[in-house]
Amino acid sequence: MNWVSDSDGSDDLSWVSDDVEEKPTVLRIEGPSNGSVQDGASSSNLMTQFLAMGFPEKMITKALKENGDGNSDSLLNLLLTYKALDETREANETNGVNSPSDENDWADDDCSDLDDFDDMDFELEMSGQTSFSKKLRTLLEMGYRKEAATSAIERCGEDVPISELADSICAAETVEEEGGFGEYDAPNSEKKKDGDKYDPFVHSNKKQRCDGASSSRRSTHMRERLKRAYRRPTATSRPRSSREEDDETDRNNLPSPMVGFGLPMDPMRQLYRDIPKEAQGPPYFFYENVALTPKGVWQTISRFLYGITPEYIDSRYFSACYRKRGYIHNMPIANRFPLEPTPPMTILEAFPSACTHWPLWDTRTQFNCLQTCIGSAQLTERIRSRLGSSPDPPPPEVIRWVLYECKKWNLIWVGHNRVAPLEPDEVEFLLGFPRDHTRGVSRTERYRSLGNSFQVDTVAYQLSVLKELYPKGIRVLSLFTGIGGAEVALHRLGIKMTAVLSVEISAINRNILRGWWDQTGQEGELEEIDDVTRVTDAILTRFIARYGGIDLVIGGSPCNNLAGSNRHHRDGLSGEHSSLFFHYHRILDRVRSLMGRD
């Protein structure tokens with residue numbers, strides 16, 4: 001597989017979201033020291049000056065519209081912000097980099113792409129179409145619900161740009177999803193009064209967020225998140241691009257909330273389901289992949305796996321990070337139970353030290369999907385520099401840009417105006433792996449292996465039914481093993497593994513699994529094969545004869561050609577890597593045949 005080489009001795013990842021100089025040239029306009037425009041200066045004069053600096057006319061017009069022509073320094077700062085956003089987008093398009101996640105794993109909770117509405121906003125403002133009905137009609141055409149659009153216009157006023165109305169709608173949805181607006185600590189320390197406009201960049205109740213490390217809060221967090229889950233709207237109101245419509249699964253076919261057959265302590269949890277007769281009973285199987293795939297992929301996977309309907313679960317209900325996945329399995333669904341102790345469910349519960357530096361306007365409570373890549377040092381320095389040159393609180397356009405990058409790259413606050421990527425051991429913790437599970441290999445390999453792994457708590461909840469079924473131990477065929485997410489989940493559930501046949505192409509991942517197996521003192525046997533295409537009937541027959549059978553076939557084939565972050569090779573199940581799914585189907589079919597379950 002064409003992974004990034006570490007031959008240069010560097011642990012930094014080679015592809016990043018930004019390709020800019022660390023110290024960009026600062027341009028200034030000649031004028032009075034207070035930054036005001038000289039007497040007699042007009043918008044046309046400013047337009048001429050900024051055009052001479054190389055800024056596009058459309059960008060200058062938009063900056064003048066939003067900022068006015070009374071302060072040249074603030075205009076320049078706004079133009080530099082726009083230019084930085086354009087550079088980020090162009091660098092991403094050049095490098096084939098998209099939003100993190102298995103596709104848009106974080107898009108549901110993001111306000112919107114920062115540039116989605118620039119063109120429309122510009123055209124409407126220039127044409128003078130600013131009435132309530134015009135704004136409402138535009139928002140409806142962009143895909144927003146009428147109630148949400150009406151409330152945003154009433155809340156923000158008819159004269160604000162379309163982009164701000166869209167941000168207000170999405171910010172309101174995000175806060176509602178987290179349990180209501182409540183009172184907020186405004187910059188002037190006054191409580192919100194009736195009639196005040198809602199500020200989407202001020203987080204509610206900062207003190208409560210920073211105090212929440214007690215065990216009692218953790219024990220009730222799952223229940224509260226469950227309540228909020230079932231209050232969520234059944235469809236997102238974020239506008240979707242035509243490219244998304246062409247490439248993604250129809251979101252209307254995905255459940256909302258994405259809680260599978262129900263969560264722990266859920267009174268509405270489903271306890272039974274219909275499984276085709278040919279798929280019933282052991283040997284059990286469990287298959288996983290990204291939820292948001294090109295259209296038709298999950299229908300094909302289901303067809304090859306006995307027509308079983310996928311169970312879609314987002315790990316946000318089991319951890320402090322999003323991870324939308326689909327699972328197809330034939331295991332029972334009654335008597336499931338979660339791992340103990342309950343893991344932290346929010347960022348600040350997982351990393352309480354970050355509370356000291358967390359700004360009021362950063363509304364994140366959970367990370368987006370943890371990926372195989374991290375943000376660059378250039379990006380974090382740009383964020384520090386931009387915030388350092390901005391007032392407190394920063395202007396809305398700076399906040400939007402910083403939040404966009406923080407969500408995209410899962411950045412965490414480590415100091416005043418300083419953000420940094422998560423360290424590998426922090427990613428291990430969030431994904432439910434033991435401390436130092438991947439330690440001993442390069443940082444690049446650690447991020448890559450962890451980004452492709454299971455979220456252990458989520459998978460363990462589904463596998464927990466096997467503890468009662470196999471009290472004396474379980475025999476496992478582990479396909480696409482990776483760093484052993486399934487094995488760690490079974491171990492943490494207290495399910496003894498009497499024998500495991502692991503199939504994993506990466507020697508680094510095989511070494512990680514072997515090290516964990518030996519360190520934890522597993523009593524069973526671990527056999528390893530390096531290529532799923534080399535798993536033959538002879539190998540399966542020999543393993544079954546030696547250990548008396550196979551009880552569970554588990555694995556998730558590569559998502560390289562399925563995830564939205566791989567726009568250039570998103571070829572579905574016909575792709576070079578994702579087509580390996582058909583080997584999962586082939587091997588499962590042979591196992592069930594050899595076990596007498598034709």
(message) Looking only at residues that are closer than 12 Å to TYR312 by Cβ and not in a loop (DSSP other than H, G, I, E, B) in the stretch 252-279, which one is least open to solvent (accessible area, probe 1.4 Å)?
(response) VAL259
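Can you pull out every residue in the stretch 306-342 that is assigned to a loop (DSSP other than H, G, I, E, B) and under 16 Å from LEU370 (Cα atoms)?
Initial filter on the stretch 306-342 (assigned to a loop (DSSP other than H, G, I, E, B)): 306-310, 318-320, 322-323, 330-342.
Selection gives PHE318, SER319, ALA320, TYR322, ARG323.
Here's the yes/no breakdown for (1) touching a helix residue (DSSP H, G or I) at 6+ places or on another chain (Cβ under 8 Å); (2) more than 22 Å from ALA350 (Cα to Cα); (3) not in a helix (DSSP H, G or I):
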position: ASP362; (1), (2), (3): yes, no, yes
position: CYS369; (1), (2), (3): no, no, yes
position: THR372; (1), (2), (3): yes, no, yes
position: THR380; (1), (2), (3): no, no, no
position: PRO393; (1), (2), (3): yes, yes, yes
position: ILE399; (1), (2), (3): no, yes, no
position: LEU403; (1), (2), (3): no, no, no
(request) Quickly run through the stretch 485-530 and pick out the residues that are open to solvent by less than 20 Å² (accessible area, probe 1.4 Å), of a type outside the set (A, V, I, L, M) and within 14 Å of LEU552 (Cβ to Cβ). (result) GLY485, GLU487, SER502, GLY524
(request) May I ask you to list the residues in the stretch 442-481 that are assigned to a helix (DSSP H, G or I) and of a type in the set (A, V, I, L, M)? (result) LEU450, VAL456, VAL459, ALA460, LEU463, LEU466, LEU469
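The values are calculated or read from the model by the stated rules, or taken from the named source; none is laboratory data. Everything numeric here is computed off the predicted structure, so don't read it as measured data. Please note: Cβ atoms are built from the backbone with ideal geometry, for glycine as well, and neighbour counts cover all protein chains shown. Protein only, heavy atoms only, side chains kept; ligands, DNA and RNA dropped before computing areas. Shrake-Rupley method; radii C 1.70, N 1.55, O 1.52, S 1.80 Å.
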